[in-house]
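Worksheet: one structure, shown below.
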Amino acid sequence: MENVRLVEGDTAPAFTLLDQDGKNVSLSDFAGKSVIVYFYPAAMTPGCTTQACDFRDNLSSLQAAGYVVLGISKDAPAKLKKFQEKEGLTFPLLSDESLDVHNLYGAYGEKSMYGKTVMGAIRSTFVVAPDGTLAHALYNVKATGHVASLRTKLGL
């Protein structure tokens, strides 16, 4: 089955997921705001920690420019809570254990790891404009340096 790939201008798929505290968070909670939704394979792994800490370290400037950051993985809320506390993450981490939202965004599918094709989360970032459309749909992003390149794309 070929992955859905979203493109700039598509309507961002709606979702409601549990955050690290077990509270529902919906994309619609941020209607009228710019939202950075990023998908990462697993909490507390080296690349995902680098990426999350990068978002953490850039959060105040992203927020000053009007952006909300949401991280999504297949980890359970309890694991996300540990990840948040361990790394001092100050933005919501959302649990998509069913992978339904990953699939809506095309952020789950075949990927190459160490020369093998495996099924897994595809490190992806989406920038949702205030009108609910996608300003950017970035697939297979690198964990290191991604936030810096995203800031450049956003003109920050």
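The table below lists the values:
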{"item": "Mean separation of Cα contacts under 8 Å, 6 or more apart, over the residue count of segment 56-156: relative contact order %", "result": "17 percent"}
{"item": "Lys, Arg +1 and Asp, Glu -1 on Cβ, resulting dipole of the chain about Cα centre, debye, nearest 20", "result": "420 debye"}
{"item": "Ordering of 37-50, 127-140 by packing [mean C-beta count within 10 Å, highest first]", "result": "37-50, 127-140"}
{"item": "Anisotropy class of segment 1-61 from Cα gyration tensor, a/c 1.5 cut", "result": "rounded"}
{"item": "Gyration tensor (alpha-carbon) shape descriptor, the chain, a/c threshold 1.5", "result": "rounded"}
{"item": "Segment 1-134 - percent relative contact order, Cα under 8 Å, separation 6 or more", "result": "37 percent"}
{"item": "Segment 18-98: C-alpha gyration tensor shape, a/c 1.5 cut-off, then a/b vs b/c", "result": "oblate"}
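A short reminder: the numbers here are calculations on the coordinates, not readings from a lab. The shown structure was predicted, so the numbers you read here are calculated from the model rather than taken from an experiment. Please note: Cβ atoms are built from the backbone with ideal geometry, for glycine as well, and neighbour counts cover all protein chains shown.
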